[in-house]
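So the structure is just underneath, and the comments pick up after that.
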């Protein structure tokens, strides 16, 4: 018994000793508890917020949930397994805030806001005349001018009205197997999709024997008709299958390099745009699973046809990209050389003709309407004039988008013989239907590609592309590698594994959490660049408390702490204010403020 | 002949088992004490490994001595038993196996109560040790100090009970004045220490019957079960987890498991974060402790529901036979034809993911197997004479089923259910792993494992520890199930 009492004494002693040094939770958090106005919030009870998102963004959702909970909200998570179910929930309005993302693939700020926030826009649920006015005003302005306008827009959109709560700008990153590929030939561009034609093997003798193996997640391709899709399943593929009038450089400047035009220029007044077309690109087609040169040149009539159908909502059923091209008024072929001489270029320094001739071996001697007649050696050229509905310099960015890819007038007209108004999905087969390139009974490849590569056939596992034999033969832009395999790997971890065991050569879009693994692998090279992708929270505008209460939205807005998000992603994200943040440096910044949250929550409670 | 004797000696088999397990752990620790990449030795791990090795060697010597004792004199000498006191020190290294073996070695004529008292004490000590790790954290839960004091007092009482039981329980006879102790023991089981409950009940029964074998079956089952080391270790881990799940309400801070802490992201194991932190800076150790709660609740209820429903359906169809039997069993066959996990996924997808739906989803698929087991038992039991006798006396069917048939056919159901709780725990984790279980931030072993699986290469501990927890719990249920089967089987001696 003596032993026991001794033991008990010892226990009591340790307990007392530890009680003196151990800090309890309320002691540790005491200073915070003393802050004013905490009680008023708790008195009114917690505020319920339903957060909608996709399972792949689970980390973001958890960060936002945690930040909202710490600011006194009660968060209900609505996590959907895929984008389809997410969209269904969003359309049904089953959310207060939806985790949303936007990537400005055209690299211009107008595209970053127009369809998202203008009243009646493709993806817009907002209806605010003030915002409409600012968007339209900025569209007509030059970069120096629109900086201030977009700053005002952000002020209205985010800080004054809190229609969105920004989270971050992502990095765009790709990992290259540098044992196989020459990493210097792999471009990484801010906005545009990966250009395949420049990619080369380390061992150049393998160009014709080995395929370049890439990957993408989606195996179901929306459509290989460029105007019928604008999503991850086809953006990269169509970009490489159809040449455009213009291209974006890696840092989003407009360039004629690697495009259908030798040169381009804007005429005075910012409403007329001129393009001098190349004559060394022909359409390719697939014959017996081999790419052959059709001998048909990509010319001005194809450009006129392609852009007219791109802007016309009724040119095809299920047109997905007409809103990108709604600023195009007319597209025409210029045949009068003198007319080019009489117009001044907007940049100053001479006529349009002089601007178009810059750097050419042979000047413009004659303009021809028939593409077969064009011959740059002899000075016979084709020129396209594009007029916009209003002065809109950013139209060039839209022309660099894959949806402005040039298709063959002859071929598309011969395939799309159906009546658009009475299109029957069971009977009519439109140009670019993915079933026509999928192996099986329906296979009937009718594609005509104007770009460096053409899709031969695909299945659920991979798509096979061949080099276009008629694409700028002998120039530096001639595709280096003959065959490109695009593997469809849905899971990011599997794709990374495939890259690491050299099953694929390049992996586009490495997750931030895997950067270290890629960096530690000597055969891989990680390239990253700030992207135009912005992730933000979108507030519901119908039938919810957040729709009617500005104070509640602002309470959520000021709960968001972007520093925490950056810390979570190991600083592989960048702070954002709105979807224009990656494109225009407006100088705005969202700073989390717990006191403002309390203020706005009180305001919200008092207004009820 | 001597060989047979020491083989049948419990002390010898326990000693052998514990030195082998300890040596195994020591080898694992030794291997992990050397970092292959940095070519450096981790001193702390190495020390623990050496301590384990030391005890393993001591235990090996002890096992050898027991063997010699038995071979020479047919009994273990007191000096050998006294060596058990040295081995008790292994408790400080957290070595359950040697401690349990030592405690059993010390006592010459052990009984069920002594074993239960040993495990009661061990459970309490382990819960306190695990909870005390919170002292290294920046702060502890507000209720930590009172709760840990209560736990210490309770465990002190358990130690006293152990001494009392060791001293005053002779064979099957318990001193009558032990009943207040027994009642107190039952009261202390609110800490989740089910061993205390069992010990209390056992004591009360013994006191009440005062040596008369009135409840032979109960005594026999527990007697057999407590003599099986593996099943007691399994039961220990289950009770320990249950007790942890209960005590963690007061000794752990839930916020540590759910609130993100961006200043402590992906930290390797340290004293403040014994198992490291995950990518949101949450303490993995705290998450696993809280995760036990959901795993146990879902595991238990998703087994209990099919046992009750399936058992009832099986009993009815087995007893009435013919058309009733056909209708019920064919309908259940239809249900049986749908793969269980697929059915669960469908139910979750339709009704949403939360704990309640998870339990329902996992329960429904398991009903047919229980109904089949029950039906087979009932078919057998209902042919026994005592059932016929009851029927001849005019007892109502319902009464016959409940009073005479179900008790007789329950044993296989109990065994089956302990074995399937393990499967239910795995299913819960699988569903969470697939994103169909509870919300991702809620600590649940499958969730934790899912998060860890993306860091397998860089921070493997994030996946290893929750994985180990799942393995241990499932293994424990399986060991317990095996032990129960042996204990309940009348054919096994």
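Just so you know, all these numbers are worked out from the coordinates, no wet-lab data involved. Given the structure is predicted, the values throughout are model-derived calculations rather than measurements. All Cβ positions, even for glycine, are placed from backbone atoms using ideal geometry, and neighbour counts span all protein chains on display.
Give, in nm to one decimal, the length gained when the segment between residue A:210 and residue A:608 is fully stretched (0.36 nm per residue of separation minus the Cα-Cα distance). Mind showing how you got there, number by number?
Numbers: separation 398, 0.36 × 398 = 143.28 nm, distance 6.82 nm.
That pair, residue A:210 and residue A:608, stretches by 136.5 nm at full extension.
So what are the three principal axis dimensions of segment A:541-595 from its Cα atoms, in whole Å, longest to shortest?
36, 24, 19
Would any residue of segment B:363-378 have its amide N under 16 Å from a label point 7 Å out along Cα→Cβ of residue B:334? List them or say none.
Inside the label zone: B:365, B:367-368.
Return the tail of the calculated pair distribution for segment A:476-608, meaning the percent of Cα-Cα pairs more than 23 Å apart.
In whole percent, the share of Cα-Cα pairs in segment A:476-608 beyond 23 Å is 57.
So if we plug the beta-carbon distance of residue A:419 and residue A:444 into 1/(1 + (r/R0)^6) with R0 = 22 Å, what FRET efficiency do we get, rounded to 0.05?
It comes to 0.60.
If I model a spin label as a point 7 Å beyond the Cα along the Cα-Cβ vector, how far apart are those points for residue B:396 and residue B:356 in nm?
Here the modelled spin labels are 3.3 nm apart.
Subtracting the Cα-Cα distance from 0.36 nm times the residue separation, let me have the gained length for residue B:349 to residue B:300 in nm, one decimal.
Values: separation 49, 0.36 × 49 = 17.64 nm, distance 2.24 nm.
In short, 15.4 nm is gained.
Calculate the FRET efficiency for residue A:354 and residue A:551 from the Cβ-Cβ distance with a Förster distance of 60 Å, rounded to the nearest 0.05.
Details: r = 59 Å, r/R0 = 0.98.
The calculated FRET efficiency here is 0.55.
Normalised by the number of residues in segment B:322-427, what is the relative contact order in percent for Cα pairs under 8 Å and 6+ residues apart?
On the way: 56 pairs, mean separation 26.2, N = 106.
It rounds to 25 percent for segment B:322-427.
If you find the alpha carbon centre of segment A:547-577 and of segment B:128-171, how far apart are they in angstrom?
45
Once you put a point 7 Å from the Cα of residue A:497 and another 7 Å from the Cα of residue A:589, both along the Cβ direction, what distance in nm separates them?
Rounded to a tenth, the inter-label distance reads 4.2 nm.
Mean separation of Cα pairs under 8 Å and 6+ residues apart, divided by the residue count of chain B: what relative contact order is that in percent?
Working: 713 pairs, mean separation 62.6, N = 493.
Once divided by the residue count of chain B, the mean separation gives 13 percent.
Contour minus end-to-end for residue B:173 and residue B:108, with contour as 0.36 nm per residue of separation and end-to-end as the Cα-Cα distance?
Values: separation 65, 0.36 × 65 = 23.40 nm, distance 1.60 nm.
Stretched fully, the residue B:173-residue B:108 segment lengthens by 21.8 nm.
With the contact rule set at Cα under 8 Å and sequence spacing of 6 or more, what percent relative contact order holds for chain A?
Details: 1262 pairs, mean separation 139.1, N = 608.
23 percent.
Roughly how many Å is it from the Cα centre of segment A:517-545 to that of segment B:384-426, as a whole number?
59
Given a Förster distance of 60 angstrom, what is the FRET efficiency for residue A:473 paired with residue B:460, based on the Cβ-Cβ distance and rounded to 0.05? It would help to have the intermediate numbers written out before the result.
Details: r = 52 Å, r/R0 = 0.87.
About 0.70, to the nearest 0.05.
Based on the Kirkwood radius over alpha-carbon pairs, what value in µm²/s does the Stokes-Einstein equation return for the translational diffusion coefficient of segment B:443-491 at 25 °C and 0.890 mPa s?
Working: Rh = 12.3 Å.
D = 199 µm²/s.
Output needed for chain B: three equivalent-ellipsoid semi-axes, defined as square roots of 5 times the C-alpha gyration tensor eigenvalues, in descending order, whole Å.
On the way: eigenvalues 288, 236, 89 Å².
After scaling each eigenvalue by five and taking roots: 38, 34, 21 Å.
Using 18 Å as the cut-off for backbone N distance, which residues of segment B:220-255 belong to the label zone defined by a point 7 Å from the Cα of residue B:143 along Cα→Cβ?
B:241-255
For the pair residue A:122/residue A:519, report the inter-label distance in nm, with labels modelled 7 Å from Cα in the Cβ direction.
So the label points at residue A:122 and residue A:519 sit 3.6 nm apart.
Could you tell me the center-to-center distance, by alpha carbons, between segment A:408-423 and segment B:445-493 in angstrom?
62
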